[in-house]
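The values are calculated or read from the model by the stated rules, or taken from the named source; none is laboratory data. The model shown is predicted, which means the values in this text are computed figures rather than measured ones. For neighbour counting, all protein chains shown are included, and Cβ atoms are generated from backbone atoms with ideal geometry for every residue, glycine included. Surface accessibility is based on the protein's heavy atoms, side chains included, excluding ligands, DNA and RNA. Shrake-Rupley method; radii C 1.70, N 1.55, O 1.52, S 1.80 Å.
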Amino acid sequence: QPLKFMPVTEGEDVTFVTENLRWAGYLPGYEIGVDERPVSYILMFGDRQIGNQFDFAAGSAVNQLLLAVHGMGLGGCCLAIHKKAQILEHFQLDAERFEALYAIAIGYAKHGATTMDLTTDCKYTLDENGDFVVPKRTVSELTIKK
């Protein structure tokens, strides 16, 4: 259980995290609007003093956190932390000990999302209402039959 979690709820810290994440990477020029910004985050870190393999625990934790957020009637989104050094420095965490993994954005969903069968490209788009359209592989493509 090598994970540590940090709730981020203070305005200036929420703004810092928001500005140091990549939003909608498949939409060139997309910038998160003021009315779209999360009201809080849960940051996830791997603690190297406990272990160094974080993938399984992180996947399970992200899933549970997003289900809990949804269960409270809120919107949630998991984003990989790419600017690891900036996040660690801002929150004064030891970079030798901690690895910044994910940010769970929590707020009030501004956009909806629908899925469509993936044909050739997994890149999501926005529809005419500004909602995300996300290509997903079909069940038959995900299933291995013997």
Yes or no: segment 43-56 includes at least one residue that is farther than 26 Å from Pro135 by Cα, within 16 Å of the chain's Cα centre (by Cα) and open to solvent by 50 Å² or more (accessible area, probe 1.4 Å). no
Tally up the residues in segment 23-62 that are of a type in the set (A, V, I, L, M), in a helix (DSSP H, G or I), without any contact (Cβ under 8 Å) to a residue 40 or more places away in the chain and within 23 Å of Lys123 (Cβ to Cβ), please. 0
Which number in (1) within 20 Å of Thr18 (Cα to Cα); (2) not in a helix (DSSP H, G or I) marks the one condition that Leu65 misses? (2)
Screening Lys4, Lys83 for residues that are over 20 Å from Tyr124 (Cβ atoms) and open to solvent by 80 Å² or more (accessible area, probe 1.4 Å) leaves only Lys83
Look at segment 60-73 and say how many of its residues are loosely packed, with under 12 Cβ neighbours inside 10 Å and under 11 Å from the mean Cα position of the chain (by Cα). 1
Considering every residue within segment 2-12, establish whether at least one is assigned to a helix (DSSP H, G or I) and under 13 Å from the mean Cα position of the chain (by Cα). no
When the residues of segment 95-125 are filtered to those that are open to solvent by 70 Å² or more (accessible area, probe 1.4 Å) and of a type in the set (A, V, I, L, M), which remaining residue is farthest from the chain's Cα centre (by Cα)? Met116
Could you say whether any residue in segment 74-94 is under 25 Å from Gly112 (Cβ atoms), more than 12 Å from the chain's Cα centre (by Cα) and assigned to a loop (DSSP other than H, G, I, E, B)? yes
What residue, among those in segment 11-42 that are at pLDDT 95 or above and of a type in the set (D, E, K, R), is least open to solvent (accessible area, probe 1.4 Å)? Asp13
